[in-house]
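I'd like to ask some things about the structure below.
The values are calculated or read from the model by the stated rules, or taken from the named source; none is laboratory data. Keep in mind that what you see is a predicted model, and the values were worked out from it rather than measured. Note: ideal-geometry Cβ built from the backbone for every residue, glycine included; neighbour counts use all protein chains shown.
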Amino acid sequence: MENRSTHSVIPDGELRCVWMDAGIAEFKLCDQEFRCENCAFNMNVHQQGSEHASQHARHETQPSNGNKGLTAETLFQSVLKKRLDHLRNVDIPQDRMYSHGQFWMQQHEPGSYRIGINHILANFFQPILSIVISKAPTTIHRHDPFCWIVLPGGSITLRSPIEATITQFNPALQQKPNLLSDAPFTDGWIMEITAKSKGVNSFTSSTNSSRLAKRTLHTVEHIFKQTFQHLQPPAGTTLFDGGVSMNTIEGILGPAIYTEVVNRITHFPS
């Protein structure tokens with residue numbers, strides 16, 4: 001497999017505008033160090049969104065269930081909190097090692113390891129339409145793509161947290177892709193590898209897993225809230241359709257924006 005290209009249209013050290021990640025701007029570099037309140041481009045997008053919201057305000061209705069009276073922001077905050085609180089209460093297996101990204105590794109046989117994703121990433125991979133994997137056996141470098149998760153809003157690329165030789169992929173994922181999200185620590189493992197000790201040592205012991213998970217959830221919460229705040233005017237008009245409220249993050253943000261956010265979560269440093 002070829003190494004990833006080191007060339008990029010974005011110069012080293014430059015900051016990507018958050019609207020690039022949201023899919024609104026095709027190319028824009030941030031010159032405000034993410035102080036969006038000072039950015040003319042950001043204010044212009046918000047103004048356009050407010051006009052869009054006013055034009056479609058007549059389509060808003062009160063929800064017919066227990067969410068009656070909730071504003072768009074309150075509803076989103078409630079849905080997000082419920083999702084994250086559930087993840088905070090998950091017991092993380094202590095019989096394996098974890099990367100600083102969102103992968104785990106467990107020795108399967110002497111010199112052989114299984115790799116999968118943690119419960120946080122798995123929870124946001126829903127629903128999975130299909131999984132596309134590369135060929136095995138093959139040698140893979142750290143950060144090389146090796147698996148693609150297809151969601152309704154697009155595909156998510158998984159990149160290897162380690163330099164290794166992939167000996168096989170989990171054959172069950174081809175027939176039952178949702179095993180990856182339903183049982184990430186057991187039947188939903190992704191691949192088996194052989195690796196040098198140097199690569200294995202880049203994973204941390206299970207004693208640090210709770211701390212890593214707490215930090216990851218804090219970052220996930222920040223990213224989702226930031227995305228909603230940027231998209232709030234247009235998102236607010238799509239919360240209700242005929243009196244039926246949107247009670248999922250995916251439904252509120254829409255498939256394309258939701259998938260873009262999950263891509264950002266997936267690419268936390270490993």
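Out of (1) touching a residue at least 40 places away in the same chain (Cβ under 8 Å); (2) over 25 Å from A256 (Cβ atoms); (3) aromatic (F, W, Y), what's the single condition that is false for F228?
Against the list (1) touching a residue at least 40 places away in the same chain (Cβ under 8 Å); (2) over 25 Å from A256 (Cβ atoms); (3) aromatic (F, W, Y), F228 comes up short only on (2).
One line per residue, one yes/no per condition, for (1) touching a Lys or Arg at 6+ places or on another chain (Cβ under 9 Å); (2) closer than 24 Å to I252 by Cα:
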position: Q107; (1), (2): yes, no
position: I156; (1), (2): no, yes
position: T167; (1), (2): no, no
position: L173; (1), (2): no, no
position: A195; (1), (2): no, no
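Looking for whichever is within 23 Å of the chain's Cα centre (by Cα) and over 14 Å from W189 (Cα atoms) here; the options are I115, I140. Which one fits?
Result: I140 is the single residue among I115, I140 that is within 23 Å of the chain's Cα centre (by Cα) and over 14 Å from W189 (Cα atoms).
Conditions (1) in a loop (DSSP other than H, G, I, E, B); (2) among the hydroxyl-bearing types (S, T, Y); (3) at pLDDT below 85, marked per residue:
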| site | (1), (2), (3) |
| --- | --- |
| T186 | yes, yes, no |
| G199 | no, no, yes |
| S210 | no, yes, yes |
| R215 | no, no, no |
| T219 | no, yes, no |
| H222 | no, no, no |
| N247 | yes, no, yes |
| E250 | no, no, no |
| I265 | no, no, no |
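While we're on this one: Residue check: is Q94 more than 22 Å from the chain's Cα centre (by Cα), surrounded by fewer than 15 Cβ atoms within 10 Å (Cβ to Cβ), in a strand (DSSP E or B) and at negative phi? Spell out the reasoning first.
On the way: more than 22 Å from the chain's Cα centre (by Cα): yes; surrounded by fewer than 15 Cβ atoms within 10 Å (Cβ to Cβ): yes; in a strand (DSSP E or B): no; at negative phi: yes.
No.
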